[in-house]
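Since the structure comes first, as structure tokens, the remarks are kept for the end.
Every number here is computed from the coordinates shown, using simple stated rules; none is lab data. Note that the structure is a prediction, hence the values are computed from the model and not measured. Neighbour counts run over all protein chains shown; Cβ positions are idealised from the backbone, glycine included.
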Amino acid sequence: MNAYLNNYQQNQIRTASPEQLLILLYEGAIRFLKQAKMAMEEGDRVTKLEKISRALAIITELSNTLDFEKGGEVAENLDALYAFMARELTRSNIENDPKPIDTALGILTELHEAWCQAAEAAKSGSDQNQEFGDQSAAESGQNRSISVAL
């Protein structure tokens, strides 16, 4: 069963759009932090460390892929949020305190929801543009893609 799940996840990643990949990364970080919090509550320090480390790896990757030239102020704000979450998760791990995990979960959840909405809006705009036939997105006044700060 695990091999089938792994194959499914690999296919999902290979066929995902950039927006979908971003959403999958947020979902992974959220999942790992929930698992870290549960491990912390159960006194399982090894699992807590592993899950916080995996969430930190995702947050670091999100930060490393920001395009400050295209993203401007949005990219700078995201970078500051990612740095804040990294500090909070490090503090949570050192102090064995779940509150910083809750803080990071709140931020990640809000960002996840915002990217989901942006991806859906871009998809809707793209679907609407296809109804115009040969008319380009610029001619129809619709933007066919979202500007992702990646």
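Mind ordering 25-32, 71-78 by average Cβ neighbours within 10 Å, highest first?
By packing density, highest mean first, the sequence is 25-32, 71-78.
Listed highest first by mean packing, meaning other Cβ atoms within 10 Å per residue, what order do 42-52, 81-91 come in?
81-91, 42-52
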